[in-house]
Amino acid sequence: MIFFRPAASLAPLMAGSALVLGACAMPGFGPSNPPEPQPAPAIEYPATIRAEELVGRWGYAAYHRDEDRPRIEGAARGQCGKPVVITRGPSGGVMMYLADQNQLQELVVKGGPGGKNFVGPPGPAAGPQDREIVSFDGRVMITKFVDPEVAGRYGTSVYVRCGAKA
């Protein structure tokens, strides 16, 4: 014998089923794809060197072997007759050349982890076009390009402030 329930008695059962099925479509219920992880925000470190400290006239030379540094500092000092001039940029950076470029470009001084400083185009520190400021005492600045291929061609740069005893 088959028993049929009147439709009115099925209404609560159908409403309960609709709630359960509807809950599956709500966020946090039922199967769903987990949200895409958001990239961690880039940490911005403060630079310990200000752009205005780099402005001036500099003798320039470069070396590839650390033992050549003292001799190259003297050679850089000798270049003050034809100095590299670093000026203030229109947006507060410094006007310098990027590797393999013949047009001055405004670069910014950026801080990096561990108290490191970099100079390069706007963007995260230690970018491929950046130079790390290896040392700076106001009179002598040593820089090295971040990109190993560029660093291999240009070596370590020595800037000696013209007109100052270094």
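The values are calculated or read from the model by the stated rules, or taken from the named source; none is laboratory data. Owing to the predicted nature of the structure, the values given are computational and were not obtained by experimental measurement. Positions of Cβ are backbone-derived with ideal geometry, glycine not excepted, and every protein chain shown enters the neighbour counts.
Taken together, the residues in segment 73-132 that are in a loop (DSSP other than H, G, I, E, B) and not small (G, A, S) amount to 17. In the set (1) closer than 22 Å to C162 by Cβ; (2) exposed (fewer than 13 other Cβ atoms within 10 Å of the Cβ), Q101 fails one condition alone, (1). The single condition from (1) more than 15 Å from T156 (Cβ to Cβ); (2) of a type in the set (G, A, S); (3) surrounded by fewer than 16 Cβ atoms within 10 Å (Cβ to Cβ); (4) under 20 Å from the mean Cα position of the chain (by Cα) that G112 fails is (3). Of all residues in segment 31-50, at least one satisfies being surrounded by 11 or more Cβ atoms within 10 Å (Cβ to Cβ) and modelled with pLDDT under 85.
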